[in-house]
1. Going by the conditions given, is ARG523 in contact with a Phe, Trp or Tyr (Cβ under 6 Å, 6 or more places away or on another chain) and more than 16 Å from ligand 1 (Cβ to nearest atom)?
2. Name every residue in region 160-183 that is over 32 Å from the mean Cα position of the chain (by Cα) and either modelled with pLDDT under 80 or acidic (Asp, Glu) (or both), in order of residue number.
3. Filter region 220-235 for residues that are within 22 Å of PHE283 (Cα to Cα) and modelled with pLDDT of 90 or more; which is farthest from ligand 3 (Cβ to nearest atom)?
4. For the condition of a type in the set (Gly, Ala, Ser) and within 16 Å of ligand 3 (Cβ to nearest atom), what is the one hit in ALA408, ALA457?
5. Looking only at region 437-468, how many residues end up being within 16 Å of ligand 2 (Cβ to nearest atom) and open to solvent by 20 Å² or more (accessible area, probe 1.4 Å)?
6. So VAL264 clears everything in (1) under 19 Å from MET173 (Cβ atoms); (2) open to solvent by less than 30 Å² (accessible area, probe 1.4 Å); (3) without any contact (Cβ under 8 Å) to a residue 60 or more places away in the chain; (4) not acidic (Asp, Glu) except one condition, right? Which one?
7. Of all residues in region 681-740 being more than 22 Å from ALA657 (Cα to Cα) and in a loop (DSSP other than H, G, I, E, B), which is modelled with the highest pLDDT?
Amino acid sequence: MIQGVSASIMKIRMSHSIATVAVFAPVKRLFDYLIPDAHSPRLSPGMRVRVPFGRGCRIGLVVRRSARSKLDLDRLKPIEKVLDSQPLIGGEMLDFYTWVSTYYHCPIGELVATALPVRLRQGKPVATDKVVAVQLTEAGRQTPPEALKRARKQREILAYLQAGAASLSLEPMRERFTPLGASLKALVDKGYVEWLTRPPALATQFGGGLLTLHDEQLAAVRAILDGMNAYVPFLLDGITGSGKTEVYLRVIAHVLEQGRQAMVLVPEIGLTPQLVERFERRFGACLAVSHSAMSHGDRESAWRQAAEGRARILIGTRSAVFTPMPNLGLIIVDEEHDSSYKQQDGCRYSARDLAIVRARRCDCAVVLGSATPSFESLHNTQNGRYRHLRLTQRAAGAKPPRIRLLDARGLKSDQSLTRSFLEAMHKALDAGNQVLLFVNRRGYAPIWTCFDCNWIAECRRCDARMTVHLKQNLLWCHHCGLQQALPRRCPKCDGENLNPLGQGTQRSEETLRQLFPEVAVARIDRDSVRGKQKLEKTLAEIHKGKHSLLIGTQLLSKGHHFPNVTLVGMPDIDQGLFSVDFRATERLAQLIVQVSGRSGREEKKGEVLIQTRYPEHPMLHLLLEKGYAAFARQALRERREAGFPPFSHQVLLRASAISQGPPMAFLQEARDCLRDAGESSVEVWGPVVPPMEKRAGRFRAQLLLQSSSRGCLHSLLDAWLPKVEKLKLAHRVRWSVDVDPLDLY
Ligand code: ADP
Ligand code: ZN
Ligand code: ZN
């Protein structure tokens with residue numbers, strides 16, 4: 001009898017004895033494995049397993065269990081080890097990952113691996129709960145911080161908790177109060193603060209002083225709340241300082257009150273301490289933060305808190321879009337136009353586009369916010385897919401800055417700033433204000449050249465010039481990272497007349513120190529602020545007014561709020577005016593508007609100076625006289641006529657090899673396969689070599705597919721790529737597919 005029962009259980013088990021696994025390896029397909037009986041009862045989809053793979057073994061994630069395999073059962077290998085006792089990822093997320101891998105044509109195993117925190121990807125056990133947050137006790141609430149006379153750090157932490165949401169996640173606090181541990185422990189020992197292993201129940205009263213929303217904000221908040229609980233995409237189109245973040249905070253509060261979760265995506269360099277602090281003060285320990293500068297352990301902790309529903313808000317960069325959130329009610333994509341949302345290698349997904357897909361799959365609202373919306377999103381408001389919300393006034397009452405174009409044609413070759421530019425700087429500095437100069441190139445100068453024979457230092461691994469880094473005495477290729485000692489003799493004519501040409505941030509800093517010897521100058525670029533702490537330190541100094549002249553790259557163009565900056569200058573924008581990339585002017589316009597937004601954010605009126613050798617350029621005039629919206633309308637009309645995105649969809653097939661011939665030959669063969677697939681509504685361009693053919697020692701070529709119908713393009717891809725994979729040359733080149741590419745070269 002008992003035997004009979006177990007025999008039938010056996011049969012049931014046998015009937016689902018095959019696990020289909022996404023192996024964490026760059027291979028296209030899923031693999032079937034036998035489930036050993038011992039593991040059979042508890043193995044379910046979403047768990048990690050270790051499986052034999054090739055000559056060794058790999059970690060993978062079980063995607064489904066099934067009764068049959070396309071392969072003979074006796075050819076299947078058994079799973080070696082089951083690594084989880086519970087699924088890490090639910091069925092909906094697995095479906096989402098599968099969709100992503102199909103759409104972007106990237107291997108599912110590689111995608112799942114990208115989506116998981118590093119330690120979990122490596123097969124390490126899920127960490128046990130540790131302290132994730134702290135909360136004020138009643139005693140802590142009642143005690144005035146001044147009572148902690150001699151413990152300055154403890155006093156600061158207590159005051160911070162009392163002013164904010166009374167509970168805070170450890171991770172962001174750790175960044176604010178270093179070192180944190182001893183002071184917190186002292187506060188715990190004194191009974192003012194208690195440890196929490198999970199965030200506290202939601203506070204009904206959120207912390208931080210609540211502002212009265214202005215009319216446009218109110219209208220935006222109402223519209224979004226109306227659209228909640230269903231898939232409704234919004235474009236929140238609001239100038240810098242118009243109060244977009246305040247709108248996010250308000251709608252998130254509603255989502256949390258409904259017991260749901262919110263995801264906030266920010267660009268790579270947009271996750272500033274200032275932004276996190278605003279969220280933290282409002283929502284306390286409901287918040288989890290995830291970005292690439294965090295330790296693996298902290299990122300995993302944030303991931304798990306979100307995945308287990310303990311964290312109610314997740315703020316993170318690009319890859320956070322893959323975090324499971326069981327109760328997701330809202331997705332926000334801040335600065336949605338930012339190109340850092342697009343992953344540029346491996347699985348080339350767009351986190352902004354995936355936010356839309358994910359919102360549709362879980363029926364929730366999604367808000368894309370920007371002062372300079374992408375043309376894609378603007379187009380989607382014009383065709384009715386997104387609802388357009390506008391914030392046109394600066395919230396705190398500040399006036400928009402005045403923008404002036406300065407003609408750079410009169411400049412001598414050793415000058416970088418016109419006289420009017422210098423006068424405006426003197427005026428601002430004399431009035432005790434700060435000046436910010438935006439220079440888009442790090443290093444000393446973009447060119448090192450011989451004045452006798454015109455030799456120019458070029459990278460031997462790329463078709464590109466080497467950048468001069470004078471302080472380190474280096475030539476440095478910003479494309480492949482190659483460095484070499486700065487030559488003092490010309491390799492061509494043996495002369496000694498070698499000189500830098502053009503302006504990088506280091507040279508601008510040097511020039512300004514000479515021109516303004518009595519003024520403190522701070523430079524902010526990737527070289528000057530290696531490491532997050534250094535950046536924060538410099539930013540804090542700027543806020544205290546230690547520096548009056550700030551020079552920076554894009555690092556400074558976003559998110560930072562400097563109330564005393566009244567003059568923002570862009571000494572050289574001409575690169576962006578005449579680029580081969582059809583998106584170049586869109587990017588330049590966004591940059592000008594974003595950089596301008598750094599000027600005059602509070603009661604002081606701001607001014608923006610843009611220096612160019614093409615002061616008559618129609619695009620500049622349209623942008624400066626009519627604003628970004630008018631510029632975008634005009635540029636979108638031109639895109640429509642040219643048939644460029646967003647009026648068409650593109651896929652780029654890239655190939656590279658260490659010799660010059662194979663990439664072109666491979667792409668030509670790939671193009672030949674297309675002829676059989678015969679899809680007349682898809683245009684094919686190329687193969688061509690990009691302007692920089694050689695990069696990091698590899699020769700490159702590319703083939704572009706374009707169609708006004710996304711459906712046609714993708715069904716063609718589905719039929720075509722398997723043929724491409726089988727081409728002989730496919731094994732002699734490195735190749736990749738970029739769906740919806742952002743950079744065409
Ligand atoms: P954005 O995200 O659009 O740049 P923010 O939300 O950061 O704008 O708001 C800019 C500034 O205006 C912030 O200092 C914010 O505190 C303030 N602010 C926002 N909304 C209001 C409001 N309704 N009343 C007063 N000040 C506001
Ligand atoms: Zn020479
Ligand atoms: Zn190089």
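1. It is false that ARG523 is in contact with a Phe, Trp or Tyr (Cβ under 6 Å, 6 or more places away or on another chain) and more than 16 Å from ligand 1 (Cβ to nearest atom).
2. Within region 160-183, ALA182 is the sole residue that qualifies.
3. Per the criteria, the residue is ARG222.
4. Checking each option against the conditions leaves just ALA457.
5. 9
6. Going through the list (1) under 19 Å from MET173 (Cβ atoms); (2) open to solvent by less than 30 Å² (accessible area, probe 1.4 Å); (3) without any contact (Cβ under 8 Å) to a residue 60 or more places away in the chain; (4) not acidic (Asp, Glu), VAL264 breaks only (3).
7. Here the answer is ASP740.
A quick yes/no check of all residues on (1) within 23 Å of MET325 (Cα to Cα); (2) among the hydroxyl-bearing types (Ser, Thr, Tyr):
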position	(1), (2)
ARG55	no, no
GLY60	yes, no
SER66	no, yes
ASP72	no, no
VAL82	no, no
SER85	yes, yes
LEU88	yes, no
GLU92	yes, no
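The values are calculated or read from the model by the stated rules, or taken from the named source; none is laboratory data. The model shown is predicted, which means the values in this text are computed figures rather than measured ones. FYI the Cβ positions are ideal-geometry reconstructions off the backbone, even for glycines, and counts take in every protein chain you see. The protein model used for the area step is the full one, side chains on, heavy atoms only, and it has no ligands, DNA or RNA in it. Shrake-Rupley method; radii C 1.70, N 1.55, O 1.52, S 1.80 Å.
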